[in-house]
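In what follows, a structure is listed as structure tokens, so that the remarks can point back to it.
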Amino acid sequence: MAYNESINNNAKAGKQMLIGLHLGNGYGSQPGAWRMPGVDPKSYTSFDARVKQAQAAERGKFQFIFLPDGPGSILTDLETESPSFNLDVMLTLAAVARETKRIGLVATGSTTFNEPFNLARQFKALDVMSHGRAGWNAVTSSGDAVAANYGRSIPSSEERYGRAHEVIQLIQALWGSWGKDAWVHNQESGQFAKRDQIVPVNFKGKFVGSRGPLYIPPSEQGQPIIFHAGGSPNAHELAGRFANAVIGAAFTMEDARAQRNAFREAAERYGRNPDELKYIPGLMTTIAKDRRTALDRRIKLTGSLIPQRVAYLQQMLGIRLDLSRIDEPLSKEQLDAARPSPYDPRSPHALKIAKEGWSLRDIIAHGVIDYHPVIVGPGIEAADHMQAWFEAGAADGFWISPDINEDGIDSFVDEVVPILQKRGLFHQDYEGKTLRDHLGASDQYGVDLRVLTWSKDNIEK
Ligand SMILES: Cc1cc2nc3c(=O)[nH]c(=O)nc-3n(C[C@H](O)[C@H](O)[C@H](O)COP(=O)(O)O)c2cc1C
């Protein structure tokens, strides 16, 4: 089904956007962040640093922080770069939970390499500890480097997603296995809990199983919220069935809109209201008082990577570039000959920046070869980007990756958030206390019967 503008257009529906903060290794999204002045080079092991960064996002009323996870593999060149992930996402979120009050706490937990019982227990304990602020980014793992940490190889997509469907349902069943009203803790009568309301799940699937029950009562939001991240049709199906939010990646508004529609259509196929599933693409930021200052900051951050990035830019534009003329704009001949590569969706934007007459160094500093769209400039440019995508039905919100966390989160909070608030696009304050409240997600405890695939064959006597 094709969605018409009135369904897609968030602004017309009077909605406001969601904002999350990417907290990876804690330094920031640029590889050079750990070396910048004012940054503690030992932040990698500092839980205090992570707490401070989450508090900065909470000051900006962000709905959540998001901690991706590998899990546990080293994907960077440690000679010069910090690892991309936290020491341990659950321990980090536990530390943050104790020092924040409202912001949602979302971490990746692999459905491929974890046992459901362990994940169910950790995320629900975090949910109770944080008074209903936990979210689980239920992903399938890809990459042999990750599999190697578990002594395994990467299963096929079909197998990874088959397992993921079972894992999520089983975990939700475990979350609901301690009945909602089972815990009476009545000192007078001596009844601790209603035993008959705490029941095993006895699930035996093709990929995973668990007897249960899980001895954890409901949190203030009942149970954690499900997030998902992935781009394939299998990912659409998984998120369409179970997720309340998708952590996305899209370089253009058109691609974001197509992805958002694919997820919404999948949700509808499973009998859900498409608005139950929020699509949240990424945005990287270098916020400064003007474009020049922001570009200089990026050059300082990523200077050593420029030769490597120029080599790649040649492929994106289909022309030869000369490193010895790094501080000159591209010539008319080069611009005339340039053809954006059909294999890299960032190429048309890179050519557009080149045509504006920036030097080769500045073209790179615009972030034309980064993982998400990049704002390098004053806060209003970020606000304009977010408004345009939001109003075009390309996003329900954004996860923000500042270049350097130390001051980049505060810049966003002070320079971008007030503009969005003034335009009525972002809330003034938290309306509720739980992550479920922040996302406007409806109540759920245990499995969602609308999307359940279990049959009686899956239940062991
Ligand atoms: C925006 C985004 C964020 C992701 N975050 C993680 C992550 O934190 N940990 C992880 O193991 N995989 C992560 N992934 C990878 C996906 O979980 C998945 O393995 C990959 O996209 C391949 O799945 P596919 O077959 O659905 O495309 C992420 C993917 C996207 C698009």
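The numbers here are math on the coordinates, done by the rules we state, and not lab data. Fair warning: this is a prediction, and the values are worked out from it, not measured in the lab. When we count neighbours, we look across all protein chains shown, and the Cβ atoms used for this are built from the backbone with ideal geometry, even at glycine.
Here are the numbers for this structure:
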| read-out | value |
| --- | --- |
| Sites matching trypsin sites (Lys or Arg not before Pro) across the range 233-299 that sit in DSSP coil, with at most 13 neighbouring C-beta atoms within 10 Å | K289 |
| Radius of gyration and Dmax over the Cα atoms of the range 316-461, both given in Å | 22.5, 76 |
| Theoretical gain in end-to-end length, E268 to S442 [0.36 nm per residue, Cα-Cα removed] | 61.1 nm |
| Cβ crowding within 10 Å averaged over residues, with 24-30, 36-42 ranked highest first | 24-30, 36-42 |
| Computed Kirkwood radius, in angstrom, where 1/r is averaged over Cα pairs of the chain | 23.3 Å |
| Added length on full extension, which subtracts the Cα-Cα distance from 0.36 nm per residue, D88 to Q191 | 33.3 nm |
| Computed label-point distance, nm, for sites K300 and D77 using a 7 Å Cα→Cβ extension | 2.3 nm |
| Segment Q55-K204, length gained on full extension (0.36 nm per residue, minus Cα span) | 49.5 nm |
| Theoretical ellipticity at 222 nm over the chain - DSSP helices of four or more residues, -39500 (n - 2.57) apiece, nearest 500 | -11000 deg cm²/dmol |
| Pair A388, E254: separation of 7 Å Cα→Cβ label points (nm) | 1.4 nm |
| Projected area averaged over orientations for the range 291-365, convex hull of C-alpha atoms, nm² | 4.6 nm² |
| Per-q log10 I(q)/I(0), the range 28-176, q = 0.12, 0.17, 0.20 Å⁻¹ (Debye; single scatterer per alpha-carbon; no solvent) | -0.56, -1.05, -1.28 |
| Cα radius of gyration and Dmax for the range 143-239 (Å) | 17.7, 57 |
| Lysines whose Cα lies under 18 Å from that of K194, excluding same-chain neighbours fewer than 8 positions away | K180 |
| For the range 206-325, alpha-carbon Rg over 2.2 N^0.38 Å | 1.60 |
| The range 322-413 - percent relative contact order, Cα under 8 Å, separation 6 or more | 20 percent |
| Rounded FRET efficiency, nearest 0.05, which uses the C-beta distance separating D429 from K332 and R0 of 51 Å | 0.45 |
| Mean separation of Cα contacts under 8 Å (6+ apart) over length of the range 160-284, as relative contact order % | 20 percent |
| Charge-dipole axis of the chain as Lys and Arg at +1 and Asp and Glu at -1 on Cβ define it, positive-most pick from I380, A56, P217 | P217 |
| With at most 14 other Cβ atoms within 10 Å, longest stretch of the chain clear of loop GluC sites (Glu not before Pro) (DSSP) | 189-355 |
| Relative contact order of the chain, pairs being alpha-carbon contacts under 8 Å that are 6 or more residues apart, as % | 22 percent |
| Over the range 51-131, equivalent-ellipsoid semi-axes from the Cα gyration tensor in Å | 22, 19, 9 |
